[in-house]
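The values are calculated or read from the model by the stated rules, or taken from the named source; none is laboratory data. Please read these numbers as outputs of a predicted model, since none were measured by experiment. Cβ atoms come from the backbone with ideal geometry, glycine included; neighbour counts cover every protein chain shown. Heavy atoms of the whole protein, side chains included, go into the accessibility calculation; ligands, DNA and RNA do not. Shrake-Rupley method; radii C 1.70, N 1.55, O 1.52, S 1.80 Å.
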Amino acid sequence: MNAVTFDHVTLAYGGRRVLSGVSFAIPQGEFVALLGANGAGKTTILRAILGLVRPQGGTITVLGEAPRRGNPAIGYVPQLRRGAAQTSISGFDLVAGAAGGHRWGWPVASATEKVAAWKALEQVGATDIAKRPFDRLSGGERQRILIAQALIGEPKLLLLDEPLISLDAGHQRTIIELAHELGERRGIAVIFCSHDINPLIKVADEVLYVGNGKAAIGGVDEVINGPVLSDLYGTPISVAHVNGRIFVMADGIELESHAHVHDA
């Protein structure tokens, strides 16, 4: 069974069309790197999978059914906004709040919810930091807490929206390895949104690259090459391989070097 299927889907966000008649399928159990330029629609795709954005055309299927808000079968790690990062409640309370069905809430957790929270924290190796205030944690530690929160309810699909922002190379590697290991252990699909393929090269089964209202899916070399990306961007693109890294260039400028924090 496919975890996600888009069949001739058209999506718009903020009055702007970001996908036009796009089709692709993500099999269950695959680790997919979701890539694209700023504003290409990466986050909008995740919102559509979550049932937060309705397609203007076509059909989306998620785990065998139509997308719906609050689907407990989907674990979601959102982009970490500054306001959310400044909360002083503990990581444990954030995860326990999710166990009670209240994202970013502060209910009094039941004994069952506390057990679920500790189980999720253990799975991401965060029990030793769980009682510390969230705003006192490092970027990598915060991402562990957010991933633990996303694991509440034993999801069948895991979505991560730019979890590598503001992390150094070591913490990036740790978060990628954690997401990959969780997907493999659970046998679930992981869609990992990023502006840069390089940290994900070794773990991505496929790349889903979006741009110019279109999408291409396949192996890294199948998708990240001059002809495919030139079509997606609508302008000549060259791809250089240097010391095991991939550089996507337009007019001699590396595109990823101008990425900003939040996407459409």
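Things to note:
- For Lys202, the lysines whose Cα comes closer than 29 Å to its Cα, not counting residues fewer than 8 places off in the same chain, are Lys42, Lys119, Lys156, Lys214.
- P(r) of the chain over all Cα-Cα pairs, binned every 5 Å from zero, in whole percent: 1, 6, 13, 17, 19, 17, 13, 8, 4, 1, 0, 0
- For the chain, size of Cβ-based charge dipole, Lys and Arg +1, Asp and Glu -1, in debye: 920
- 5 Å-binned pair-distance histogram of region 109-264 (Cα, whole percent): 1, 8, 16, 19, 18, 13, 9, 7, 4, 2, 1, 0
- Mean accessible surface per residue for the chain, computed with a 1.4 Å probe while every protein chain stays in place, in Å²: 45
- Tail weight of P(r) past 16 Å, computed on alpha-carbon pairs of region 33-94, percent: 59
- Overall, the accessible surface of the chain at a probe of 1.4 angstrom is composed of carbon and sulfur to the extent of 50 percent.
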